[in-house]
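J.: Pasting in a structure now, in structure tokens, and then I'll have a few things to ask.
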Amino acid sequence: MSVQIHTHADRGAAIKAVAQEIASLVRTKPNAVLGLATGATPIPLYQELVRMHREEGLSFAQVTSFNLDEYQGIPREHAESYWTFMHQIFFDHIDIDPSRINLPGSQVPVDDMTAHCATYEAKIVATGGIDYQILGIGRTGHIGFNEPGSPADCITREIHLDEITRQDAVPAFGGIDQVPTSAITMGCGTILAAKKIALMAFGEKKADIVRKALQEPITDLISASFLRNHPNAAFHLDPEAASVL
Ligand code: PGA
């Protein structure tokens with residue numbers, strides 16, 4: 001089965017469609033395992049899930065979450081850490097059990113890195129695997145922080161961030177010198193092991209990389225292109241992101 005491409009009327013409609021899929025999963029399988037993403041793209045998705053929690057009784061009490069990635073070299077409490085992002089945008093507003101929230105550490109000592117990444121990977125497997133993985137796509141074509149050159153079978157590991165990715169983070173960090181140079185990311189293989197995957201991409205600035213990921217040969221230079229080999233992956237686009245397909 002080839003990757004599904006959904007071009008929605010606008011990004012609000014795309015967000016609603018993905019939120020509905022997550023809600024019906026969590027209602028039928030309360031202990032679902034969610035793979036979560038950060039970045040600007042999924043913010044309205046988390047806002048919609050918070051609304052469903054408040055207004056429609058959607059409970060995350062038994063859900064387990066694994067985030068895709070985390071910067072290295074900043075404290076967990078740093079304003080730009082993904083731990084902070086996820087709590088501010090989502091976890092602090094729902095009933096998820098804090099003990100079921102998983103993110104890679106942000107200040108993992110060099111000597112502990114291999115074990116830390118192996119433990120993260122093993123924990124995902126031990127929970128039964130990710131039921132539903134949310135993804136954005138970076139301008140390098142990365143999913144998670146799987147920068148160009150990441151093979152399809154790579155697993156959770158430390159990665160050096162691409163300069164394009166670091167430049168995109170300058171507004172948030174306030175200067176290129178403040179942007180971390182590395183991160184821990186789930187691998188392409190970790191992501192591709194998810195049972196269902198929803199990649200969201202919105203706006204004209206994503207149009208070219210979306211086209212490359214979907215229409216150029218599958219390559220480790222664009223890790224999102226690997227989703228075309230997944231049995232249950234979908235691209236949820238707005239008309240701008242789909243404009244050159
Ligand atoms: P964005 O990031 O949602 O902020 O565009 C996407 C990504 O880098 O994966």
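The values are calculated or read from the model by the stated rules, or taken from the named source; none is laboratory data. In this text the structure is predicted, and so the values were computed from the model without any measurement. In this analysis, Cβ positions are derived from the backbone assuming ideal geometry, glycine residues included, and neighbour counts consider all displayed protein chains.
J.: If Ile218 passes every condition in (1) touching a residue at least 12 places away in the same chain (Cβ under 8 Å); (2) touching a Phe, Trp or Tyr at 6+ places or on another chain (Cβ under 7 Å) but one, which one does it miss?
T.: Result: Ile218 passes all but (1).
J.: Let me ask you something else. Among what's in the range 35-48 and is aliphatic (A, V, I, L, M) and surrounded by 23 or more Cβ atoms within 10 Å (Cβ to Cβ), pick the residue that is farthest from the ligand (Cβ to nearest atom).
T.: Start the filter on the range 35-48 by keeping residues that are aliphatic (A, V, I, L, M), which leaves 36-37, 40, 43, 45.
Those left that are additionally surrounded by 23 or more Cβ atoms within 10 Å (Cβ to Cβ): 36-37, 45.
On the way: Leu36: 12, Ala37: 7, Leu45: 10 Å.
Out of the qualifying residues, it is Leu36.
J.: Of these, Pro44, Pro104, which one is within 24 Å of Ala169 (Cα to Cα) and in a loop (DSSP other than H, G, I, E, B)?
T.: On the way: Pro44 fails: in a loop (DSSP other than H, G, I, E, B).
Answer to the check: Pro104.
J.: Can you name the condition, by its number, that Val63 falls short on among (1) crowded, with 21+ Cβ neighbours inside 10 Å; (2) β-branched (Val, Ile, Thr); (3) more than 23 Å from Arg157 (Cβ to Cβ); (4) within 16 Å of the ligand (Cβ to nearest atom)?
T.: Answer for Val63: the failing condition is (4).
J.: Identify the single condition in (1) surrounded by fewer than 19 Cβ atoms within 10 Å (Cβ to Cβ); (2) more than 16 Å from the ligand (Cβ to nearest atom) that Gln88 does not satisfy, given that it satisfies every other one.
T.: The single condition Gln88 does not satisfy is (2).
J.: Further question on the same structure: Lys205 passes all but one of (1) more than 19 Å from the chain's Cα centre (by Cα); (2) surrounded by fewer than 16 Cβ atoms within 10 Å (Cβ to Cβ); (3) among the charged types (D, E, K, R); which number fails?
T.: Checking Lys205 against (1) more than 19 Å from the chain's Cα centre (by Cα); (2) surrounded by fewer than 16 Cβ atoms within 10 Å (Cβ to Cβ); (3) among the charged types (D, E, K, R), the one that fails is (1).
J.: Out of all the residues in the range 186-199, which are closer than 13 Å to Tyr132 by Cα and either among the small types (Gly, Ala, Ser) or within 12 Å of the ligand (Cβ to nearest atom) (or both)? Spell out how you get there, then give the answer.
T.: Taking the range 186-199 first, the residues closer than 13 Å to Tyr132 by Cα are 190-199.
Selection gives Ile191, Ala193, Ala194, Ala198, Leu199.
J.: Select, from Met186, Met200, the only residue that is touching a Leu at 6+ places or on another chain (Cβ under 6 Å), modelled with pLDDT of 95 or more and closer than 28 Å to Arg76 by Cβ. Before the answer, list the steps.
T.: Values: Met200 fails: touching a Leu at 6+ places or on another chain (Cβ under 6 Å).
None of the others qualify; the one that does is Met186.
J.: What residue, among those in the range 118-147 that are small (Gly, Ala, Ser) and in contact with a helix residue (DSSP H, G or I) (Cβ under 8 Å, 6 or more places away or on another chain), is nearest to the ligand (Cβ to nearest atom)?
T.: Gly138
J.: Could you tell me how many of the residues in the range 49-89 are over 13 Å from the mean Cα position of the chain (by Cα) and in a loop (DSSP other than H, G, I, E, B)?
T.: 17
J.: For the range 208-223, which residues satisfy the criterion of being surrounded by 23 or more Cβ atoms within 10 Å (Cβ to Cβ) and of a type in the set (Asp, Glu)?
T.: Scanning the range 208-223 gives no hits.
J.: Filtering the range 231-245 down to residues that are in contact (Cβ under 8 Å) with a residue 40 or more places away in the chain and either surrounded by fewer than 17 Cβ atoms within 10 Å (Cβ to Cβ) or over 16 Å from the mean Cα position of the chain (by Cα) (or both), which residue is nearest to Ile134 (Cα to Cα)?
T.: First, the residues of the range 231-245 that are in contact (Cβ under 8 Å) with a residue 40 or more places away in the chain: 231-239, 241-242, 245.
Narrowing further to those that are either surrounded by fewer than 17 Cβ atoms within 10 Å (Cβ to Cβ) or over 16 Å from the mean Cα position of the chain (by Cα) (or both): 231-232, 238-239, 241-242, 245.
Values: Pro231: 15, Asn232: 12, Asp238: 16, Pro239: 20, Ala241: 17, Ala242: 18, Leu245: 22 Å.
The qualifying residue nearest to Ile134 (Cα to Cα) is Asn232.
J.: Got a sec? Which strands (runs of 3 or more DSSP E) wholly within the range 122-190 have at least 2 residues that are out of contact with any Asp or Glu (no Cβ under 7 Å at 6 or more places or on another chain) and surrounded by 14 or more Cβ atoms within 10 Å (Cβ to Cβ)? Give the steps one after another, and end with the answer.
T.: Working: elements: 132-135, 157-160, 182-185.
Counting at least 2 such residues, we get 132-135, 157-160.
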